[in-house]
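Here the structure comes first, spelled out in structure tokens, and everything after it is commentary.
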Amino acid sequence: MGDAGERQELALLLRRLTVELDAVGQRFAQAHGLNRTDVRALVAIMDAARRGEALTAGRLGEAVELRSASVTALVDRLEKVGHVRRSRDAEDRRRVVLEMSDSAMAAGAEHFGGLARDLTAAMEGYTPEELAVVRRFLVEMTDVIVEHARATEPPEA
């Protein structure tokens, strides 16, 4: 298979991976009465926390591509069902930041923990150098997908 064929196969494998991961997320959403945007919001909040960053409603809106009023409704809904809490930023008491609740963290760990462990175990056969290439590949492909999606999706109604 030539370079073009290999690249096309990789693109198809990425699509298959995306579809399978989306199905995992959809099962989580259904089990917890959430929609796709709710799950995207929870992931954005969790990822920000892992990076040690405080996530405001405005930054959440950017992450999930929603306008201010829609973000407020989203956060209100997630707070009402106990998945998110609003709190004052420790560094700037005027700012309100979003945090995942312990129950939401536990639900995520229960649903995704086994998959995360299996994925980590599957990586054991790769050298650090191979993992570095895979990491670079995934970051770059994700960046392309995000740019493509934002350039082609119509703005929120």
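The values are calculated or read from the model by the stated rules, or taken from the named source; none is laboratory data. Just so we're clear, the structure is a prediction, and the values are computed from it rather than from any experiment. Glycine gets a Cβ as well: all are built from the backbone with ideal geometry, and neighbour counts include every protein chain shown. When the accessible area is computed, the model is the full protein with side chains, heavy atoms only, and any ligands, DNA or RNA have been set aside. Shrake-Rupley method; radii C 1.70, N 1.55, O 1.52, S 1.80 Å.
Structure notes:
- LEU34 fulfils the conditions (1) open to solvent by less than 50 Å² (accessible area, probe 1.4 Å); (2) assigned to a helix (DSSP H, G or I) except for a single criterion, (2).
- Taken as a whole, the structure places MET100 among residues that are open to solvent by less than 70 Å² (accessible area, probe 1.4 Å) and either in contact with a strand residue (DSSP E or B) (Cβ under 6 Å, 6 or more places away or on another chain) or closer than 20 Å to GLY25 by Cα (or both).
- Qualifying residue in segment 129-147 (condition: modelled with pLDDT under 90 and farther than 23 Å from LEU17 by Cβ): no
- Applying the criterion of being within 23 Å of the chain's Cα centre (by Cα) and among the acidic types (Asp, Glu) to the residues of segment 86-133, the residue that is nearest to VAL43 (Cα to Cα) is GLU99.
- Whichever residue in segment 22-31 is of a type outside the set (A, V, I, L, M) and open to solvent by 70 Å² or more (accessible area, probe 1.4 Å) and, among such residues, is farthest from THR72 (Cα to Cα): ARG27
- Residue count, segment 41-97 (criterion: within 22 Å of ARG150 (Cα to Cα), open to solvent by 80 Å² or more (accessible area, probe 1.4 Å) and not in a helix (DSSP H, G or I)): 1
- Filter pass, ALA109 being assigned to a helix (DSSP H, G or I), open to solvent by less than 60 Å² (accessible area, probe 1.4 Å) and free of Cβ contacts under 8 Å to residues at least 60 places away in the same chain: no
- For first residues located in segment 70-96 and more than 21 Å from ALA106 (Cβ to Cβ), partners that are modelled with pLDDT of 90 or more and loosely packed, with under 15 Cβ neighbours inside 10 Å and lie 6+ apart or on another chain with Cβ distances below 7 Å form the pairs VAL96/ARG86.
- When ARG117 is tested against (1) charged (D, E, K, R); (2) open to solvent by 90 Å² or more (accessible area, probe 1.4 Å); (3) within 23 Å of THR56 (Cβ to Cβ), exactly one condition is not met: (3).
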